[in-house]
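Worksheet: the structure to be examined is printed underneath.
The values are calculated or read from the model by the stated rules, or taken from the named source; none is laboratory data. Fair warning: this is a prediction, and the values are worked out from it, not measured in the lab. Backbone-built Cβ (ideal geometry, glycine too); neighbour counts: all protein chains shown.
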Amino acid sequence: MEEPAWWPSGIAQQSMEDAQQTGEVRTSFGRAQLWDISNVISADWWNSPPGNGVLWGSWPESVDEVRLHSEDEFGMLLNIDDRFIARVCPFLVGEDVSRMARFEPWATCVNGLPLLLPNGGWNAGAHDRILLYEAYIPNASLPDSIDGLIKAMGQTHTALAAFETPNTERLWNDRLKAMEDELKPHTLWRAPHTSATVGLPSVNFDLNHTVQGEHGAAWIAMPRTLADHLVCQSARLPSLACLMRLERQWSSHVTMDSTQRQSMIEGWSQHTPPAWSSGKALSTARGGAWVWRYNAVLEQLLKARTYGDVQLEQESLDWLGEVSRLQARLGSLRMWKSGVWVALTGLLVAYFGNDWGTFTPTGSVLIAAASVGFGIFTNRLYWSKDPPPY
């Protein structure tokens, strides 16, 4: 029997049938829990809903017909009596989607924005298993332009900015380390993010999952990916991280150059708080767009290996092969940054030299002035050589 699109064929260490019997799948990335979805295609299952967990919001009644619409890495999409679209999530990867829909302060903030949230579902054990929507038709292909989707994402994140959490640099760097340890890409990157880089409530955007809204394409809030659940700890990520994910997905379909990447960042910055796209927030020396681009490529490589996508894996490895060049530039930057410490040393020498009578007052002033000038010069040179974020 052919395996469905959501089965992690690239990393699974047992058959799907065995995993469904035990409720757990062993993979090379670790173990994940799943539930038996074999009966959800039956109307009887919907007319006798599960007794465990929580049924929230709208639930279809007197179901006559259930049709399989499609399957993808997130699970199954079912059409129920042409009244509901049901997202069936086979793996227990959390409750990002229902939390956004059920937590009133968040749901109120994004109400009216180009973001489709479920109006019902089944949640058990703090995991979304069924997500229900009023009948809609998913976009079958990518749009010619993603400007509208970038705007929608920026508006969504801006609305959620009231619930932002401070920079969690350690967790974000731990996330990179977890993926590096699992994937062995022969790269390593850590970043000292600025205070303007903040975490936001999780909304998982995927370029392959959009719907036509009243004013153009709109996002469908998606569950967390299986690969991310297996390898990384759950963490609030900044808006810039989501933008770089979108950029990587788009670049798989359209060849992008620095001008297009710049246009993407500028388009996003028009719909988000100015601090998120400030010079320091986008500085490559502090992580900026490039470290989140690196994060997105590692995520892409995780996906490729999870589902055995050889082409996507090679594209990811080719990109990662260029990381050393960028890091070499950042290494040379650190030399200029050390000029600040040289300047401070010069000031201390001038002070104590004058205090101990080693230098004349005039000599001490000259040494101090030269140290300050050197520090200012190297600091400006440091920032002028910072690689652009695109």
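Looking across the range 234-251, the residues that are crowded, with 16+ Cβ neighbours inside 10 Å and of a type outside the set (A, V, I, L, M, F, W, C) come down to Arg236, Pro238, Ser239, Arg245, Glu247, Arg248, Gln249, Ser251. Residues of the range 1-14 being modelled with pLDDT of 95 or more and assigned to a loop (DSSP other than H, G, I, E, B), which ones? Residues satisfying the conditions are Pro4, Ala5, Trp6, Trp7, Pro8, Ser9, Gly10, Ile11, Gln13, Gln14. When each of Met100, Met76 is tested for being over 16 Å from Arg224 (Cβ atoms) and not basic (Lys, Arg), the lone residue that passes is Met76. Annotation note: of Val88, Val110, the sole residue that is modelled with pLDDT of 95 or more, over 22 Å from Pro49 (Cα atoms) and among the aliphatic types (A, V, I, L, M) is Val110.
Would the range 231-247 turn up any residue that is out of contact with any Cys (no Cβ under 7 Å at 6 or more places or on another chain), of a type in the set (Lys, Arg) and over 22 Å from Ala159 (Cα atoms)?
no
Can you find a residue in the range 55-71 that is among the charged types (D, E, K, R) and part of a helix (DSSP H, G or I)? So far as the range 55-71 goes, no, none of its residues is among the charged types (D, E, K, R) and part of a helix (DSSP H, G or I). I'd like to check something: does the range 80-93 contain any residue that is surrounded by fewer than 18 Cβ atoms within 10 Å (Cβ to Cβ) and within 26 Å of Ser252 (Cβ to Cβ)? Checked against the condition, which is being surrounded by fewer than 18 Cβ atoms within 10 Å (Cβ to Cβ) and within 26 Å of Ser252 (Cβ to Cβ), the range 80-93 yields no hits at all.
Filter the range 121-173 down to residues that are farther than 23 Å from Val110 by Cα and hydrophobic (A, V, I, L, M, F, W, C) and give me whichever is surrounded by the fewest Cβ atoms within 10 Å (Cβ to Cβ). Within the range 121-173, the match that is surrounded by the fewest Cβ atoms within 10 Å (Cβ to Cβ) is Ala140. Counting only residues that are modelled with pLDDT under 95 and not hydrophobic (A, V, I, L, M, F, W, C), the range 213-230 holds 4 of them.
Going through (1) surrounded by fewer than 19 Cβ atoms within 10 Å (Cβ to Cβ); (2) touching a residue at least 40 places away in the same chain (Cβ under 8 Å) one by one, Thr306 falls short only on (1). Keeping to the range 1-57, report how many residues are among the small types (Gly, Ala, Ser) and over 23 Å from Pro118 (Cα atoms). Total satisfying the criteria: 9. In the set (1) touching a helix residue (DSSP H, G or I) at 6+ places or on another chain (Cβ under 6 Å); (2) under 14 Å from Met100 (Cβ atoms); (3) of a type in the set (A, V, I, L, M, F, W, C), Ile150 fails one condition alone, (2). Look at Gly267 and say whether it is modelled with pLDDT under 95 and surrounded by fewer than 21 Cβ atoms within 10 Å (Cβ to Cβ). It is false that Gly267 is modelled with pLDDT under 95 and surrounded by fewer than 21 Cβ atoms within 10 Å (Cβ to Cβ).
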